[in-house]
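Derivation of every value follows stated rules applied to the coordinates shown; laboratory data play no part. Only a predicted model underlies this, so the values are computations on that prediction, with no experimental measurement involved. Glycine also receives a Cβ, built like all others from the backbone with ideal geometry; neighbour counts cover every protein chain displayed.
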Amino acid sequence: MTISVAIDSACSPGEEVPEPARLRHWVRTTLRHQGRRSAEIGVRIVDEAEGQMLNVRYRLRHSAQARATNVLAFPADLPDWMDQSLLGDLVICAPVVAREAIEQGKAPAAHWAHMLVHGTLHLLGHDHRDDAEAGRMEALETEILGALGFPPPYRDMPAAAGST
């Protein structure tokens, strides 16, 4: 049993993106925290143009807020008879994550870790469609980020600054 995290970066060299080993560690820690010992996840780091295109195409089809977002999760939709270790893909928009870290007064690494934890939890089926789901998901994120040595992600944040 193994956890495989493929990293693909389409960012310009000037973007500050954590080392792939750190990105993998954050995803693996989240998976292990949730009892997963076998999984495959792809992580693509994108610029704002690609992030916007993907957000519009797959999430905001008819929204006036057609912009890039911090993280998009694309769960694998496999038939029951196929290997269920493939969880799906995450898309992280590097410029949005950098901007949000500044706006929220967070260390860049802490916000990157939060986006990887948040997205991975989405691939595992967690969501935040209502207050109860959001509370459970935020508690999990806080617990996992604490285990990674990061402060609570929602502490002292403006109400509108929460992640996707």
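FRET efficiency for the pair Asp8 and Leu78, taken as 1/(1 + (r/R0)^6) with r the Cβ-Cβ distance and R0 = 22 Å, rounds to 0.60. Here the spin labels are modelled as points 7 Å beyond Cα on the Cα-Cβ line, and at Glu19 and Ala139 they lie 3.5 nm apart.
With a 10 Å Cβ neighbour count serving as the proxy for reagent exposure, in which order, fewest first, do Glu50, Glu16 appear?
Ascending number of Cβ neighbours within 10 Å: Glu16, Glu50.
Counting neighbouring beta carbons within 10 Å and listing from fewest to most, the residues Arg67, Arg129 come out as Arg129, Arg67.
What residue among Val91, Val17, Val56 has the largest mean-square fluctuation in a Gaussian network model of the chain, using Cα springs under 10 Å? Evaluated over the chain, the most mobile residue of the options is Val56.
Here is how the number arises for the chain: DSSP H runs of 4 or more residues each give -39500 (n - 2.57), the sum is divided by the residue count, and the result at 222 nm is -13500 deg cm²/dmol. Here the Kirkwood formula puts the hydrodynamic radius of segment 3-161 at 16.1 Å, using every distinct Cα pair.
Expressed in nm to one decimal, what extension gain is obtained for the pair Glu48 and Arg155 from 0.36 nm per residue of sequence separation less their Cα-Cα distance? Fully extending the segment from Glu48 to Arg155 adds 35.9 nm.
The magnitude of the dipole of the chain, with charges of +1 and -1 set on the Cβ of Lys/Arg and Asp/Glu and taken from the Cα centre, is near 160 debye. Restricting attention to segment 3-161, close to 25% of DSSP beta bridges with both partner residues there are antiparallel. Distance between the 7 Å Cα→Cβ label points at Arg32 and Ala147: 0.8 nm.
Let me know the shape class of segment 76-139, please: from the alpha-carbon gyration tensor, a ≥ b ≥ c as square roots of the eigenvalues, rounded when a/c is under 1.5, otherwise prolate if a/b is greater than b/c, or oblate. Could the numbers behind the result be given before it?
Numbers: a/c = 3.16, a/b = 1.65, b/c = 1.91.
Because a/c hits 1.5 or more and a/b fails to exceed b/c, segment 76-139 counts as oblate.
Put in order of Cβ neighbour count within 10 Å, fewest first, the listed residues Met137, Met115, Met53 become Met53, Met137, Met115.
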